[in-house]
1. Could you please state how large a percent of the accessible area of the range 28-83 is carbon and sulfur, counting protein chains only and using a 1.4 Å probe?
2. How would Ser93, Ser76 rank on accessible area, largest to smallest, probe 1.4 Å?
3. Residue by residue, what Karplus-based ³J(HN,Hα) values in Hz, rounded to whole numbers, does the range 35-50 have, using 6.51, -1.76 and 1.60 with θ = phi - 60° and x for Gly and Pro?
Amino acid sequence: MTLFGLKKDKSVNHSATNNADMMEPVKANKASADVKVLGTGCAKCNALEVAVKEALTELGMDTAIEHVTNFTQIASYGVMTTPALVVNGKVVSYGKVLKKDEAIALIQKERA
């Protein structure tokens, strides 16, 4: 069957071992987390970023923190009170500066 004039390549092997190999990078990413701090860059937002960096260091995670300052992007998460913490796409805290231990607990919960 052709689609847009291209023929389907029938030489691709779809064995279970190939699928397992393809899933390996996904498993490797499970050890890390996508972490974002949402805030305009005020003192509280910066304090949250520092606490999250300390938490990630204590957890032994080499994860970069993205600091989102664009209000449109912040609002797209449904957040109206900053600072906010987003882990793996989920808002886990907003409206307060977390302590390092609180950040550790939230990150561990979302990683599991």
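The values are calculated or read from the model by the stated rules, or taken from the named source; none is laboratory data. Bear in mind that the values here come from a model prediction, so they are computed numbers and not experimental data. In case anyone asks, the SASA skips ligands and DNA or RNA and just uses the protein heavy atoms, side chains included. Shrake-Rupley method; radii C 1.70, N 1.55, O 1.52, S 1.80 Å.
1. 51 percent
2. Working: Ser93 15, Ser76 90 Å².
So the residues, ranked largest to smallest area, are Ser76, Ser93.
3. Using θ = phi - 60°, the values come out as 10, 10, 10, 9, x, 7, x, 6, 4, 5, 5, 5, 5, 5, 4, 4 Hz.
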